[in-house]
Amino acid sequence: GYLEMGDSLYHNAYVGERLFFLATGPSLKDSPLEKLQGEHTFGVSGLCAWTGLPFEPTFYGLGEAMQWKRWENMVPGGSIKIGALEGRPSKSGWFIVDRRLSMPLALGHWGPHGEEYFWTAGANSAVYEIALQAAFWLGFSQVYLLGEDQRGTGHVYEGGNQHSLVHASTIELAAQTCLREYGKGGRALFNCTPNSALQSIPYKSLESVL
């Protein structure tokens, strides 16, 4: 049936806990992901197409229309599925949040406000944007990014094309909004991706976190 995030028991259910967000950058191949067994993890987009992931992510997110078309049927069955769609239509087995194209993170908008939750994302949003807003709404106190290369070098899964860096400045502005809101909420946000081009979120090595 249709899962209503705003009415669920998941709001602030993970206060005091940490989450590892897994993007799709090729640096994941060199990350000790086996050490994340038993941790809360959040996968997005085409991560489900990569056969090297040693576990099913706790959460999985899709946001762009192209992502739904390509990856929806490949998302691991054991993951808690959080999707963003304009108008918030019903989709069986998913928590659906309303995607607000007119309220991009890059312009300072922020979705999670109390129990109400919508996804603020412009037309050229990065995959981490849905995960960081969802993680905040879920109550996670520390969030760490992995695979957030942002260097236009493709993806960790086979068949992943190189992506454009045209919107790098927009991605940085969106990251600054996330960092600001996490700070205001007393949360910690770090990028654990080695040599990431994403500069706005402070770096911390995965080894030091684990």
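The values are calculated or read from the model by the stated rules, or taken from the named source; none is laboratory data. Fair warning: this is a prediction, and the values are worked out from it, not measured in the lab. Cβ atoms come from the backbone with ideal geometry, glycine included; neighbour counts cover every protein chain shown. Accessible surface is based on the protein model in full, side chains and every heavy atom, while ligands, DNA and RNA are left aside. Shrake-Rupley method; radii C 1.70, N 1.55, O 1.52, S 1.80 Å.
Think of a 1.4 Å ball rolled over the protein heavy atoms: the chain then has 44 Å² of accessible area per residue. Taking Cα extents along the principal axes in Å as calculated from this structure, the corresponding entry among (i) 58, 41, 31; (ii) 75, 32, 22; (iii) 39, 36, 36 is (iii). Treating r as the C-beta distance of SER169 and GLU39 and R0 as 41 Å, the FRET efficiency rounds to 0.80. When you count the other C-beta atoms within 10 angstrom of each residue and take the mean per peptide, 146-154, 64-72 line up highest first as 146-154, 64-72. Rounded to the nearest 500, the 222 nm mean residue ellipticity of the chain from helices alone is -5500 deg cm²/dmol, with -39,500 (n - 2.57) taken per DSSP H run of at least 4 residues. Using a probe radius of 1.4 angstrom, the carbon and sulfur fraction of the accessible surface of the range 1-152 is 49%. The protection proxy used here, the mean number of other Cβ atoms lying within 10 Å of each residue, ranks peptides 38-47, 79-88 as follows, highest first: 38-47, 79-88. Counted by Cβ distance under 14 Å from LEU22, the other residues give a net charge of -3, where Lys and Arg count +1 and Asp and Glu count -1. Too long at a 28 Å Cα-Cα cut-off: which of LYS35/LYS69; LYS29/LYS184; LYS29/LYS69? Listed pairs above 28 Å: LYS35/LYS69; LYS29/LYS184.
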